[in-house]
Amino acid sequence: MEPEDQDNLFRRAVNGAVNLSARLGLCAVKVLAVAALGMIKGLKLILSELLSLISFVFRGVRWFWKGMTESVRFRAERNRKLYNNIKKAKKRGKAAHAGAVTRFTGSFLFGEEGVLYTVFNYTMPIICIAFLIGVVRYGSGLEYGIAVDFNGKEIGIITAEADFEKAEREVQQRISYAESDKTIELSANFSLKIISDDDKLLSSDQLANEMLEASDEKLTEAWGIYIDGKFIAAVENKDKIQKALSERLLNYKVDGEVHDLSYKNKIEYTQGIYLQDSVMEEKPAIEMLTSSTEKKGVYIAKTGDTSVSVCQKYNMSLDDFKRLNPYNSGTSLKNGQIVNITETESYLPIQYVKKFETLSFLDYETVEYETSSLNVGVRTILVKGVPGEKVSNTEITYVDGIERSRKTVSSVVTKEPVIEQIGIGTYSAHPDPSCRPVTGSGEMGWPLDGGWISDTFISDRNHKGLDIAAGEGTDIYAAADGVVISAGWNSGGYGYMVQIDHLNGYQTVYGHMSAVFAAENQTVTKGQLIGAVGNTGNSFGSHCHFEVRYMGVCYDPELFLNTVDGGDPDNDDDE
């Protein structure tokens, strides 16, 4: 390119850059201008709204001030006119002047917008509000009750109508116990009343006494005996009753250590007014409360029950049991067998709690899983299940010597159950049907997918292993789990071979392979493919030379194989 052309090209480039910079600058100026204009409009809008708000507040204040001062201005203008009238009337004479002063005074005090009128308008609402607050506070401080009018006479005040209903039930109990043909009219009238210091506020028990006193029945003051809230009888002296019931608890005979010995029912004593017919002597009352009866029943035996355990359960003697069940010659009972029993039922049953430490067994789980350590079709227990044990602290509640309930307070598992493991065989390698059976321990699996024994251990040539003849290419499997310690060509006559260490002192050797599929240091499992049958090394005919070594000494492989029943060494546990 000529120098002149280069100069022209450079000038065009410079001019293009200048034009681009100018356009970019102009664009930036426009953007800034638009942004500034937007900000100005925003501020204008904010100021406009603020001024509108201020104007609104100012108008409100002005309106309020005008309303508050209008009456004052009106009063000042009226006073000014009246004062001018007084000045003019003074010139007309004393009578006119006195009349003008009188009108000024009346208008100032009593006229429209006058002092008294203004004071009344402003103070009266405040006085009304204060009065209302005082009335509310006074009313809220009053205590109200329900006045009971019985047989035309107010007998007292109760806090709720339910108290009367409770008192009515109490009176009916006392009347029904007396077994009288007479009836007492228990209807009453109620009215709301403000309670004063002179009024008598009654409980339901006190109201029952007042209602009985208001009746025409023969009454007396005594102690009522209540069992679980039900009126039983009345006695003059409750101390003898309490003493007899306490001695019954103290003299109650029970074997072993017991807790919470008490009466099952709640016993209460209430002093009050009772019908004379309901009052008992202390002695018959004690005989009634401490009495007991026997009733016959049946019991359905459960697994493990005996006549002795049933007698203990129902607090019976063995002679009584035999008398009620003469057909039962032995002590054991069958599950579901029906036997006759007697139960002692006390008027006031005694209950107590015994604490026991019991041992219970926990069921174990059973899991099944497939394993190549067993041949196909073999199912056996690999790990026998063992039940767990649990120690529980149990509280048994007895009523009159008979177990009624039991509660487990705490439990501790002292022995975890052992899961039972059942193996299902998946190892499918087996010899040809024509092969003679092998009945060794079965610790190891048949190493080929087929084949037959063509030469035994030792034989006539100090043979170190077992020759298993099969077609070339037949799969060879690991006879047990282990680690490959040698894989490849062996120059000692084995040809292509694999040697596996089973990590328990045993090793196995697989020789004369046509192909090796395992690698040194590889971990293999029983039944895993490790090679193929061949005729390499010192071999005559296609076969697999199989050796079993223990601590370096060769053993007869047939001692470890089983082609009949799977060869499970623990076959006694088969299910």
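The values are calculated or read from the model by the stated rules, or taken from the named source; none is laboratory data. Because the structure is a prediction, the values reported are computed rather than measured. Quick reminder, even Gly has a Cβ in these numbers, built from the backbone with ideal geometry, and neighbours come from all protein chains shown. Just so you know, the surface numbers come from the protein's heavy atoms only, side chains and all, with ligands and any DNA or RNA stripped out. Shrake-Rupley method; radii C 1.70, N 1.55, O 1.52, S 1.80 Å.
Is the stretch 350-495 rounded, prolate or oblate when judged by the Cα gyration tensor, a ≥ b ≥ c being the square roots of its eigenvalues, rounded requiring a/c under 1.5 and prolate requiring a/b larger than b/c? Prolate, because a/c is 1.5 or more and a/b exceeds b/c. Full extension of the chain between ALA17 and ALA515 gives 171.6 nm of extra length, using 0.36 nm per residue less the Cα-Cα distance. The modelled label-to-label distance for the pair TYR263/SER434, using points 7 Å beyond Cα in the direction of Cβ, is 9.9 nm.
Apolar share of the accessible surface for the stretch 273-321: 49 percent from carbon plus sulfur atoms, 1.4 Å probe. In the context of the full set of protein chains, the stretch 214-352 has a per residue accessible area of 61 Å² (1.4 Å probe). Counted by Cβ distance under 14 Å from LYS296, the other residues give a net charge of -2, where Lys and Arg count +1 and Asp and Glu count -1.
For the stretch 482-522, the per residue solvent-accessible surface stands at 43 Å², with DNA, RNA and ligands left out and a 1.4 Å probe.
Extension gain, ILE54 to HIS463, is 135.3 nm, computed as 0.36 nm per intervening residue step minus the present C-alpha separation. The residues of the stretch 397-445 have, on average, 56 Å² of accessible surface per residue, using a 1.4 Å probe with all protein chains present. In this structure, the residue pairs whose Cα-Cα separation is over 25 Å, taken from LYS230/LYS253; LYS240/LYS355; LYS218/LYS264; LYS302/LYS354, are LYS230/LYS253; LYS240/LYS355; LYS218/LYS264. Within the assembled protein chains, the solvent-accessible surface assigned to GLU287 is about 110 Å², based on a 1.4 Å probe.
Modelled spin-label separation between ALA35 and GLN522, with each label point placed 7 Å from Cα along the Cα-to-Cβ direction: 7.1 nm. The residues neighbouring MET497, those whose beta-carbon lies less than 15 Å from its own, together hold a net charge of -2 under the Lys/Arg +1, Asp/Glu -1 convention. In terms of packing, defined here as the mean over residues of other Cβ atoms within 10 angstrom, the peptides 522-534, 38-50, 479-491, 397-409 line up highest first as 522-534, 479-491, 397-409, 38-50. Taking label positions 7 Å along the Cα-Cβ direction at both VAL483 and ARG404, the computed distance is 7.1 nm, reported to one decimal.
Working value for the stretch 226-352: equivalent-ellipsoid semi-axes of 39, 15, 12 Å, each the square root of 5 times a Cα gyration tensor eigenvalue, largest first. Legend: calculated FRET efficiency, VAL308 to ILE419, from the Cβ-Cβ distance at R0 = 35 Å, rounded to 0.05, equals 0.40. Selection among ILE396, PRO326, ASN340 by position relative to the dipole of the stretch 267-397 gives PRO326 as farthest towards the positive end (Cβ unit charges, Cα centre). Fully extending the segment from ILE129 to ASP255, taken as 0.36 nm per residue of separation minus the present Cα-Cα distance, adds 37.5 nm. Between the beta carbons of ASN538 and GLU370, assuming R0 = 51 Å, the FRET efficiency works out to 0.85 to the nearest 0.05. If R0 is 51 Å, the Cβ-Cβ spacing of VAL353 and LEU503 corresponds to a FRET efficiency of close to 0.30. Dipole magnitude for the stretch 418-575: about 820 debye, using +1 per Lys or Arg Cβ and -1 per Asp or Glu Cβ, origin at the Cα centre.
Between rounded, prolate and oblate, where does the stretch 242-284 land on the alpha carbon gyration tensor, with a ≥ b ≥ c its root eigenvalues, rounded for a/c under 1.5, else prolate if a/b exceeds b/c? It is prolate, given that a/c is not under 1.5 and a/b is the larger ratio.
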